[in-house]
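Some notes on the structure that comes next.
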Amino acid sequence: MTSAAPPAPRASRRAGLTSLLRRAGAGIGTLPLSLAAALLVGFALTALVSDEPLRAWLALLTGPLPEFHLGAQGWELRRVVLFGAAIEDAITLALLGLAIALPFRARQFTLGADGQMFLGALAAVATSLALAAWPAAVVLPASLLAAMLVGGAWGLLPGWMRVRHGASEIVTSLMLNLVAVQLFRLILSEWMSDPGAGFIATPLLPPAASLGALIPGTHVSAMLIAVPLLAWAAQAMLDRTSAGYALRAVGQAPDFARRMGLPVARTVMLSTALGGLFAGLAGLHVSHALLGRLPVDLPAGLGYEGLVVALLARNQPRAIPMAALLYAYLRAGGQAMERGTDVPREMVLVIQALIILFVVSERLWPRLAEGLARWRSRRGAPAVETVEPSPGVAS
Amino acid sequence: MTDTWTLVVAGLVVALLRATTPILFAALGALVSDLAGCVNVALEGLMLVAAFFGVMGAVQAAELWPALPVWAHALIGGGAALLAALALALLLAVFHLEFGADLIVAGIAMNLLAAGLTVFLMASWVGDKGSTATLVSPALPALRVPGLAGWPALDLLVNGEGGRGHPLPLLLAPLAVAAVWLLLQRTPWGRWLRATGENPAAALAAGIPVKRMQYLALLASGALAGLGGVYLSMGYVTLFQADMSAGRGFLALAAVFLGARALAGTTAAALLFGASAVLATQLGALAWRPQLPQMLPPIVTLLAMAVAGARRARRPRPAAPEISQRP
Amino acid sequence: MSAAMNTPLDIAASAATSAAMNTGMNTATSASSGTPPSSAPIGATPPGRLSLHGVSKRYPTGTLAVDQVSLSISPGEVHAIVGENGAGKSTVMKMLYGLEQPSAGEIHLDGEPVRWRTPREAIAAGMGLVPQHVTLVPSFTVAENVVLGQEPRRGPLLDTRVAIEQVAETARRFGLPLDPRTPVSRLSLGEQQAVGLLKALHQGARILMLDEPTAVLAPQQAAALMTALRRYADHGLAVILITHRIAEIREVSDRFTVLRGGRVAGSAATRDVGEAEIAAMVVGRAVAPRRSRPSPAPSRRTPVLSMRAVAATDAGGRQTLEDLTLEIAGGEILGIAGVEGNGQGLLADVLAGLVRAERGQVSVDGVPLRGQGDAGIRAARAAGVAALPEDRLHDGVAPDMSITENAIANRHAEPPVVRRGVPGWFGALDLGGAARETARLLRDFGVVAASPEVPIRSLSGGNMQKVVLAREIALAPRLLVASQPTRGVDIGACESLHERLGALRDSGAAVMLISADLDELLALSDRIAVMSHGRLVGHFAAAEVDARRLGLYMTGVCHDPAARADLDAPFTPAERTEPAEPCSPSAPVTPSAPSARSALSAPATPSAPFTPFAPDEERLP
């Protein structure tokens, strides 16, 4: 796959690291490298600012782990709260990752997961409150449906605007995010606010609508089982159905797909709508499993973190739960770090940013390899043959 | 009667200018980089770092050189802010132009980086994760024109509320518009910038250093966004708050699209967005919901894009317009 | 005489005014307020002698685009570089302009080796390039485009006035009547080309390179451009002209070099060689043993494909089809010959449903094809049209998807690919069955692949094309449009593909074979039509024509104005055998050297609003 020439035989021993980097640049195995690099840089930054960087990093990396404790009544699970938080976040992030990854496979770079999530959550809560008197068997499916429909509809919009008007889905989805957040706040404060609460929020959800905790002491709910199933279903759809095939073809080779008579417009719109559907489910998870109600100042921006999860998983649905878990683990680790040391958890945001940068920089590792090779050759080692790309327009 | 009205109008104009300034700076930055073919979605992050390092720079300067006058501390802070924004923009440029990172994704990474870094550093240096309110940070020097006491409306317009004058960035904003116009229309580099964005092959064939132009464009947009950020934390409000930019960076991007990527249109769009912010506050004073006017800018942008698309659809389309022809 | 002074390079040229032209130019030069960036006017310093020595270019992907090319150009010489697409001409130009660097060999200017890393360096050395596809900035004016990169300044600011003056001056000097203030987006393609020329001249080019400049020009404009180039050369410029039109070579060049497959296939002084010989050098003499085939039965067959007086334009406005009439019957292969860029791509797109015919009608089995874009493509497929696209990697396959996934692309929503019982969009794909079928297909077509699941990118060009063909044939099409089907395909796969095409024809389908490979056309086709400038210029029975004759029509030496390719159409009458006038007397010859004067003295036709270098009737003495 790469165009790199093999290293000269005499230098094969010394070129070990160089060739490793070069092979890594071929796309296989850059991920651990990028992760390690991001963690290293973050550590360096922390060391500059904190008095106890090592302790902080240890807390980051091991904090969320629960403790198995041999107590009077056998094995107990302690320190589950942070661990639970990691899993809960993982569920939300996995759904948001799916919300971004599916449109990305069709080459639609929509960033609208935030807005879709907000409106999906609102719809779910509204449904639950409206059907408060009914049993769980009715309330829950209805709320799920509401979240998926509303999220899906909001997600359809950027796709539709791209197809009908050629409008950049990046800009339209960003705009729709802004509109969605305002709409959320408006509707909530106007029609769904609970006068009895001390702050502006919806009333508490009825017990029939709540997703009970599987692990006591946490908010980890049945969604824990649902998410891997959903990811598997999304992967199956992509790999084994006509619609999924069309989606992949449109994303990989749009001109080819067009000439084959694939329904490009319909596929584009389906991809963004599906993304919205998953984001709506993420919203339902937040409102029904995590918070139990919706506050008006629900923080925006989680959708962009879904982008990182999708990137880590290389937009493969089946890899998303793992990527989300890794990511959420980092976040929970950040909380542990903050609690135990003087390093605030926003450092995790920095690490996340670095991970993104290192993962998407396609030429980073190969260029480092070239630089390393040239440095070695200048120091007297036999030159490793490098292939210079032909110069031309940068873009 | 007329006096009251002129006073009210003058007050609204002042409010408009105050609200528009940060968006305008960021929009100018977005325009410059977009004309060179680089869509800069990192404006949020650029404004944030500038806002933060402006405050911290000024505070640090006050600690290091207490003998200097306050405005000197403020200017040093301003310088630090610009440097920080330039550094972030340089990071973005290097990752995109040298290492091949996708510009949009890298821009989002920059936003995350800025959000995390600013709060992280704030917590470490100030001990507060919400804002730097516990610190005393100066405002940038303001200019006031004395002797206008006889004309209250004019006094209000030129010297702001309380007669203290407008902070420097607000006055720089129209100058920035003029400077960008001058650069784009009247200098060779402006031509080269536009050529790089419109037809990089033509630019290259004409001997223009395309990559260098893209670097310069991203750095320039960083500087402009930095000016917007420094206004936020060292203008009327003299502190830094987490997430201070509050979406203005994205609005700036929208302003460029709404303004059809032209300077006049972008400025007008930025004014429009500033106006809806003012409207939101005014309506809020009347106990109306502020969300409706705040929805106005993005909705207007969406409508404009739809109309532009409908007009484009009547002309012959290229292959697969449903797919982004990404740079 | 005064007229000559006003328009120094006015080309209502007679010998008397050439002396006046020299004076006129010198006067104009000294009188101009701002000198263009090249500090000296043409003729003051001798332009350089350019030579290539064993220059090769190998790309990192391994492609050898240019192989040991050596040639030299002297000042005052017009040198034509001739060859098919992919022969390496454009790559040589890029290396001479700093856009690429040679992997081997040297370029010498004035005897000194040079290595230009950027266009800026090449421009400074006196190279000028007018590329084939316009590289202008659409929103700029003519003047802004011409001075781009070297704008005159007053301090840090642009000096627009001086720029306009200088550009107007250069335009006058070189006889290019362009208003510097016009936005280039409003100019026609021919005028945009002139802007490109003006830019190179304004930058002070001593060695001017033009890549297929007449591709977008009407015959009169082309002739006028050729004359202008001759004049520039007479005044000391060196001109390198990439072309495939023999008439141009004969008309304007002193020497020419033929490139084939990246190598020099021949080089001569133009006056020593006749047109027919040049044509033969370009298309290659080798003629593969032909298959014997019964001549087409007298028509009363019904056409599968019928195109009547079809006119169309492609999205970029570059190619057009004009008054195209052709038919293909079932069990027949119609070959379309022509140098690339003469409308064949557009023809294929029209048949695929991508582009709608503006006039005329296209029908398959009597059913007219309507619509364009997605709807047009579906209509074409529904009517039974299949295609082997010209750009295989881009339009024919999804390179990163597996062979199986590529093989089912045109059947992905129907049974048997979709398992029965699960209808609609989310119908489950029978991947196992598809894989088995693909494996069988690979065996049948002799494709060696590790498995049907490997990305199709890993296959060689020939094997990839076999998969594409298999896919298209799988639906039993009524019409197959094969565009350059064996380009980039090894010999063995060629044979196999040819057999399959023949088998498809024998089964009763109609086949249109668009190819730049004359051997292939002659071996496979029943009839051959030649296209040039979007029109048919010749119609032949394959058994009665040879490469030499096709070459004459392809390169514009001859053309048959009454050429049609429907089933009843007559074949183009044979040409006379005298080398002086190779074409039939009824065919008007496109402008060549002797008649240049007559073409130019005719007033510009109303349909060509811009004719460069047109003589100004009022200003003639």
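Every number here is computed from the coordinates shown, using simple stated rules; none is lab data. All figures in this text were calculated on a predicted structure; none of them were measured in a lab. Backbone-built Cβ (ideal geometry, glycine too); neighbour counts: all protein chains shown.
Is there a simple number for the mean count of other chain Cβ atoms within 10 Å of the Cβ of residues in C:347-360, and what is it?
For this peptide, the per-residue mean of nearby foreign Cβ atoms is 1.
Which whole DSSP H helices in chain A pass both tests: a Cα extent of 27 Å or more along the axis and a mean Kyte-Doolittle value no lower than 0.5?
A:30-49, A:80-105, A:136-165, A:169-191, A:264-284
R0 = 22 Å: FRET efficiency of B:LEU7 with B:TRP288, Cβ-based, nearest 0.05?
For R0 = 22 Å, the calculated efficiency reads 0.45.
Taking R0 as 51 Å, what's the FRET efficiency between B:LEU143 and C:ALA476 from their Cβ-Cβ distance, rounded to 0.05?
The pair B:LEU143/C:ALA476 has a calculated efficiency of 0.05.
Determine the shielding of peptide B:188-194 by partner chains: average, over its residues, the number of Cβ atoms on other chains within 10 angstrom of each Cβ.
5
Under the √(5λ) rule applied to the eigenvalues of the Cα gyration tensor, what semi-axes describe the equivalent ellipsoid of region B:1-128? Give them in Å, descending.
For region B:1-128, the semi-axes come out at 30, 25, 13 Å.
Might you report the magnitude of the Cβ-based charge dipole of region A:28-187 about its Cα centre, with Lys and Arg at +1 and Asp and Glu at -1, to the nearest 20 debye?
For region A:28-187, the charge dipole is close to 540 debye.
Kindly write out, for region C:126-134 in residue order, the coupling ³J(HN,Hα) from the Karplus curve 6.51 cos²θ - 1.76 cosθ + 1.60 (θ = phi - 60°), rounded to whole Hz, with x marking Gly and Pro.
Couplings: x, 8, x, 10, 10, x, 5, 9, 4 Hz.
Starting at 0 and stepping by 20 Å, how many percent of the alpha carbon pairs of chain B end up in each bin?
30, 57, 13, 0
Sorted from fewest to most neighbouring beta carbons within 10 Å, what does the list A:TRP154, A:TRP134, A:TRP191 look like?
By the 10 Å Cβ count, ascending: A:TRP191, A:TRP134, A:TRP154.
When you look at the Cβ of every residue in B:120-132, what mean number of other chain Cβ atoms sits within 10 Å?
Per residue, the average neighbour count from other chains is 4.
Give me, ordered by chain and number, the residues 5 or more places off C:ASP566 or on other chains with an amide H under 5 Å from its own placed amide H.
The answer is C:GLU327.
Place the peptides C:162-173, B:172-183, A:173-184 in order of packing, highest mean first, counting for every residue the other Cβ atoms within 10 Å and averaging per peptide.
By packing density, highest mean first, the sequence is A:173-184, C:162-173, B:172-183.
Which of B:GLY274, B:GLY11, B:GLY229 moves the most in a Gaussian network model of chain B with Cα springs under 10 Å?
B:GLY11
Put +1 on the Cβ of each Lys and Arg and -1 on the Cβ of each Asp and Glu in region B:192-301; which of B:GLY197, B:GLY226, B:LEU279 then has its Cα farthest toward the positive end of the dipole?
Result: B:GLY197, furthest along the dipole toward the positive end.
On C-alpha positions alone, give me the angle between the axis of helix B:70-93 and the longest principal axis of chain B, in degrees, nearest 10.
Once rounded, one gets 20 degrees.
Just name one of A:LEU188, A:LEU204, A:PHE256: the one whose Cα is farthest towards the positive end of the charge dipole of region A:67-342 (beta-carbon charges, Lys/Arg +1, Asp/Glu -1).
Going by the charge dipole, the pick is A:PHE256.
Under a Cβ-only charge scheme (Lys and Arg +1, Asp and Glu -1), can you give me the dipole magnitude of chain B about the Cα centre, in debye to the nearest 20?
Approximately 1020 debye in magnitude.
Could you give the angle, 0 to 90 degrees to the nearest 10, between helix B:210-234's Cα long axis and the longest principal axis of the Cα atoms of chain B?
It is inclined by approximately 20 degrees.
Quote the FRET efficiency, to the nearest 0.05, computed for C:ASP566 versus C:THR61 with a Förster distance R0 of 41 Å and r equal to the Cβ-Cβ distance.
About 0.40, to the nearest 0.05.
When chain A is treated as a GNM, springs tying every alpha-carbon pair under 10 Å, which of A:GLY97, A:GLY292, A:GLY371 comes out with the largest mean-square fluctuation?
A:GLY371
Given the Cα atoms of region A:67-342, and with Rh set as the inverse mean 1/r over their pairs in the Kirkwood sense, what is Rg to Rh to two decimals?
1.01
By what distance, in whole Å, do the Cα atoms of region B:156-214 stretch along each of the three principal axes, largest value first?
So the extents along the principal axes, rounded to whole Å, are 57, 18, 14.
Which residue fluctuates the most in chain B, going by a Gaussian network model with Cα springs under 10 Å, if the choices are B:GLY207, B:GLY226, B:GLY57?
Of the options given, B:GLY207 has the highest mean-square fluctuation.
C:ARG548 versus C:ARG161, label points 7 Å from Cα toward the beta carbon: distance in nm?
The two pseudo-label positions are separated by 6.6 nm.
Helix B:263-285: angle to the longest alpha-carbon principal axis of chain B, degrees 0 to 90, nearest 10?
Taking the Cα atoms of chain B, the angle to B:263-285 is about 40 degrees.
Along the charge dipole of chain B, which of B:VAL59, B:LEU175, B:GLY130 sits closest to the positive end, that is, farthest toward it, with unit charges on the beta carbon of Lys, Arg, Asp and Glu (+1, +1, -1, -1)?
Going by the Cα projections, it comes out as B:LEU175.
If you place +1 on the Cβ of every Lys and Arg, -1 on the Cβ of every Asp and Glu, and leave all else neutral, what size is the dipole of region A:67-342 about its Cα centre, to the nearest 20 Debye?
It works out to roughly 1000 debye.
Under 26 Å Cα to Cα from C:LYS199, which lysines show up? Leave out anything in the same chain fewer than 8 places away.
Output for C:LYS199: B:LYS211, C:LYS89, C:LYS94.
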